[in-house]
Amino acid sequence: MRISHYIALPFIALLQLSAGSAIAQQYGDEKYQPTVGQHGKDVIWVPTPDDLVVRMLETAKVSANDLVYDLGAGDGKIPIQAARQFGAKAVGIEYNKDMAELARRNAQRAGVADRVTIIHGDIFKEDFSKATVVTLYLLPDLNLKLKPILLKMKPGTRVVSHSFNMGTWDPDATISGADSYYGYYWVVPAQVHGNWVVDGISAGKATLQINQKFQKFEGSVVIGKQKFPITEGLMKGPEMTLRYRDAGNAIQTIIAQVSHNQLSGTASTGNTKITGQRQR
């Protein structure tokens, strides 16, 4: 059985063309048989290719330590796969009551009902803040509506989306599947915008002046009366990588873990330990 997420209505015609004769095919069981292309809440139902599901979960490095939330779960394919193949606990949120009940039965049939929970609810009303991985198959307008919610999640949360991106939030990776299907992968970055006073970069205190745009940032390292532009600034979850050229034109690297308004890590000069605090 091929099972899937929902997709928004403006693309119905395009999706019907791409799905071809599959639109007429039905999926389900003796109690409920959803039809590919059927209408939902501002969406239609279209299958996600099996191999792309696996590639999305592999890219997110899903493991038994994860809690996967699938937003718009359809009849449960991704939560079931996350539990069955990767050992994760998984939750699917599905607006259609009949589809949610089908997803529960599918989890029972797959032998993973102890690790898969299906919620009949609205993805914009349910709380998925405890997720370590979030999976999506939604169009850009819904992704953009979700984006501020995702960016407030715990740094390091992984997000994977089939086909559609997050606008100006560039993906950390693009995922390729068979037959030209693709997806996108992001890691929620810690928020580091502002000025940080740091010990360990120089004999005295230094200041990091950071202007952040999602996982990337620019700015300056200020040491005494000298200001050195940041040549590379990247957040991977809570981990900061910062590079700049010092007064001798040598590249210096700072790698630090960020937790709210504190950071700690190392500077490449003598591999010294550093600590810092964001100014308020």
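The values are calculated or read from the model by the stated rules, or taken from the named source; none is laboratory data. In this text the structure is predicted, and so the values were computed from the model without any measurement. Note that we place each Cβ from the backbone using ideal geometry, even for glycine, and neighbour counts take in every protein chain shown.
Some notes on this structure:
- Matching residues in region 182-198 - criterion: being of a type outside the set (S, T, N, Q), modelled with pLDDT of 95 or more and out of contact with any Phe, Trp or Tyr (no Cβ under 7 Å at 6 or more places or on another chain): Gly183, Tyr184, Tyr185, Val187, Val188, Ala190, His193, Gly194, Trp196, Val197, Val198
- Candidates are the residues of region 50-76 that are under 18 Å from the mean Cα position of the chain (by Cα) and part of a helix (DSSP H, G or I); the one that is surrounded by the fewest Cβ atoms within 10 Å (Cβ to Cβ) is Glu58.
- Given (1) under 15 Å from Trp196 (Cα atoms); (2) loosely packed, with under 13 Cβ neighbours inside 10 Å, number of the condition Phe228 does not satisfy: (2)
- Any hit, region 121-132, residues being of a type in the set (A, V, I, L, M, F, W, C) and not in a loop (DSSP other than H, G, I, E, B): no
- A residue that is under 25 Å from Pro238 (Cβ atoms), under 20 Å from the mean Cα position of the chain (by Cα) and among the aromatic types (Phe, Trp, Tyr) can be found somewhere in region 86-100.
- Filtering region 192-201 to residues that are touching a residue at least 40 places away in the same chain (Cβ under 8 Å) and either in contact with a helix residue (DSSP H, G or I) (Cβ under 8 Å, 6 or more places away or on another chain) or in a loop (DSSP other than H, G, I, E, B) (or both) leaves Val192, Gly200, Ile201.
- Candidates Ile93, Ile80 - the one that is of a type outside the set (Phe, Trp, Tyr), buried (at least 24 other Cβ atoms within 10 Å of the Cβ) and either closer than 20 Å to Val159 by Cβ or modelled with pLDDT under 90 (or both): Ile80
- Verdict on Thr207 being crowded, with 17+ Cβ neighbours inside 10 Å and of a type outside the set (Gly, Ala, Ser): yes
- Only one of the listed residues (Glu30, Glu58) is out of contact with any Cys (no Cβ under 9 Å at 6 or more places or on another chain), modelled with pLDDT of 90 or more and of a type outside the set (A, V, I, L, M). That residue is Glu58.
- Filtered by the rule that a residue be more than 18 Å from Ile78 (Cβ to Cβ) and touching a residue at least 60 places away in the same chain (Cβ under 8 Å), region 139-172 gives Asp141, Leu151, Pro155, Gly156, Asp172.
- The test for being out of contact with any Asp or Glu (no Cβ under 9 Å at 6 or more places or on another chain), surrounded by fewer than 19 Cβ atoms within 10 Å (Cβ to Cβ) and of a type outside the set (Asp, Glu) does not hold for Lys236.
- For beta carbons closer than 8 Å, sequence separation of 6+ or different chains, a first residue in region 208-234 that is in contact (Cβ under 8 Å) with a residue 60 or more places away in the chain and a second that is buried (at least 19 other Cβ atoms within 10 Å of the Cβ) and in a loop (DSSP other than H, G, I, E, B), the qualifying pairs are Phe214/Pro189.
- Leading residue by the ranking (modelled with the highest pLDDT) among those in region 170-181 that are over 18 Å from Phe214 (Cβ atoms) and polar (S, T, N, Q): Ser176
- Among the residues of region 221-274, the ones that are within 15 Å of Ala203 (Cα to Cα) and of a type in the set (Ser, Thr, Tyr) come to 4 in all.
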